[in-house]
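Working notes, beginning with the structure itself.
Each value in this text was obtained by applying a stated rule to the coordinates, not by laboratory testing. Since the model is a prediction, treat every value here as computed from it, not as a measurement. Here the Cβ positions follow ideal geometry from the backbone for every residue, glycine too, while neighbour counts run over all protein chains shown.
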Amino acid sequence: MFTSFSMDAKEKVKNQAKQEEKIEKVLDDDDKPEYQEKIVFLTSTIFQSIIVTWCLLVLSMGYIKLPTRMFGMDIPDQPRIDSTFAAGLLGNILAGWGISVGANGGNKKKKKEGEASGAIPTGNGYQTIIVKQPLELIAKPAEVRRVDPITNRPIGDDGKLT
């Protein structure tokens, strides 16, 4: 009986030691990904900032014309730089950072096009009818009904609610 008690005590001590090792390993494993995430974040941010700087430089060079002679050297004629690729990269990186470039300008264009199209407004007694084939239209004469604005019930000719 004494030996079984000592065996149980030894097993408990071993189990406690294993649990402590597991706790230490878990703490060590949790620290490493956080540190690695910081490194990945910093690296990606640095590369994105380098690419944004390059894009801004390429876009700016499209508007700058260097003189023909500089520091005693002849500079050949510069062709116009196509900045489409740089503008696309710049827009994607800024969108990843949560900055939208020119998003409101598109909405303004759509509003202006809708106003200038001459469309008949729908609602308030107007209808838009599109006729695609020859059609004979027979309409009844319009009936004018007064409606109480509070109860939305029709008002009769005598001025009372019906």
Compute the FRET efficiency between residue 51 and residue 78 as 1/(1 + (r/R0)^6), taking r as their Cβ-Cβ distance and R0 = 22 Å, and round to the nearest 0.05.
0.45
Find out how many positive minus negative residues lie around residue 152, taking Lys and Arg as positive, Asp and Glu as negative, among other residues whose Cβ is under 13 Å from that of residue 152.
+2
